[in-house]
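Okay, structure first, notes after.
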Amino acid sequence: MATIAQQVVFHPVVSESLKVWSTTVGRDKTYRAVQYFARFLAWFLLSKGEKINAARWNALKSHLALGRKLMRLGKPLEHLQSALKATTASGPAVEQLTTIGRQLAYFGYLSNDALVWANSVKFWNLKPSTAARVNKLANQFWLAGILFSITFGLLKSARISSEIKDLQSSGVWTEKGTQADRDAKILSLERTTAGVRYQFIIDLFDVWIPATNLGFVNLNDGVLGLFGLASSLLALRTQWLSVTGRK
């Protein structure tokens, strides 16, 4: 029995999970996945008329959302630093501008989101009309940040695809060393493209959440819950691979 317990407790998956959850990003993405799953489940139970069970999952969703706001209180400065670093980075100007726009938008989103949290916990009381404006502004910045990220992904993916085609069609490669260098560069570009497209998929799931909050589209909590769950699991996978060193 003790041997079985040791095999479970010290299983590599358990060890890797603890390593991922020891990071702020790992915990945040896990909480986010549970939050949006709870949002979907509360909607599903409510549609079945199970109001008591739905209320439990709604409460979990709300508390996780509030807790995640607290965890993100320092993140606006991270995005501001990233925006400043992007101003001196090399690369195509349009990609640089979309990167700066994305980071500034997330800075605005998380700054206003911090005010939403402060009002929610009664640390800083806002008038209902002011609180509504702050919440709307947070969603506007959030939507802008995702749209900048989508634009960046499209531009960078197109540019890299063009570079790969140029490398593949440029002359006859007879020297082994030269051909090996070209193949290595193509492989590197393909990996970069895969990363960009992966983030693009995450953004496509997430964009509907602030868009619905702002009234641009009208998706129900069930759909938004599934979209948020999907994007959270994809982001968690990225963090998992980063922390564990898997490829």
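Every number here is computed from the coordinates shown, using simple stated rules; none is lab data. The shown structure was predicted, so the numbers you read here are calculated from the model rather than taken from an experiment. Note that we place each Cβ from the backbone using ideal geometry, even for glycine, and neighbour counts take in every protein chain shown.
Structural size metrics of region 77-216, computed from C-alpha coordinates, are Rg and Dmax of 20.5, 73 Å.
Could you compute how fast region 1-148 diffuses translationally, taking Rh as the Kirkwood radius over C-alpha pairs and applying Stokes-Einstein at 37 °C with viscosity 0.692 mPa s? Give it in µm² per second. Please report the intermediate quantities before stating the final value.
On the way: Rh = 18.2 Å.
Diffusion coefficient, whole number: 180 µm²/s.
Taking Rg/Rh (Cα atoms, Kirkwood Rh) as calculated from this structure, the corresponding entry among (i) 0.95; (ii) 1.05; (iii) 0.92 is (ii). Counting charges near residue 134 (Lys, Arg +1; Asp, Glu -1) among other residues having Cβ under 13 Å from its Cβ returns a value of +3.
Using a Gaussian network model of the chain whose springs link C-alpha atoms within less than 10 Å, name the residue from 150, 202, 52 with the highest mean-square fluctuation. Taking springs between Cα atoms under 10 Å, the residue moving most is 52. Other residues within the sphere of radius under 14 Å centred on the Cβ of residue 104, judged by their own Cβ, net out at +2 (K and R +1, D and E -1).
The lysines within cross-link reach of residue 165, meaning a Cα-to-Cα straight distance under 28 Å and a gap of 8 or more places when in the same chain, are 156, 176, 185, 247. Rounded to the nearest Å, what's the spacing between the alpha carbon centres of region 177-242 and region 22-70? Just the number, please. Their Cα centres are 22 Å away from one another. For the chain, the longest stretch holding no chymotrypsin sites (Phe, Trp or Tyr not before Pro) located in a DSSP loop with at most 12 other Cβ atoms within 10 Å is which? That gives 11-122 as the longest site-free run.
Given 85/122; 19/48; 75/122; 75/127; 29/85, which pairs have Cα atoms separated by over 27 Å? Mind dumping the intermediate values first?
Numbers: 85/122 35 Å; 19/48 39 Å; 75/122 21 Å; 75/127 25 Å; 29/85 25 Å.
Cα-Cα > 27 Å for 85/122; 19/48; rest within.
Near residue 91: Cβ cut-off under 13 Å, other residues only, Lys/Arg at +1 and Asp/Glu at -1. The net charge is +1.
Hey, got a sec? Which GluC sites (Glu not before Pro) in region 1-101 land in a DSSP loop and have at most 13 other Cβ atoms within 10 Å? Qualifying residues, ordered by number: none. Rounded to the nearest 20 debye, the dipole size of the chain about its Cα centre is 720 debye, using +1 on the Cβ of Lys and Arg and -1 on the Cβ of Asp and Glu. Within region 88-191, the trypsin sites (Lys or Arg not before Pro) that combine a DSSP coil assignment with at most 13 other C-beta atoms in a 10 angstrom radius are 122.
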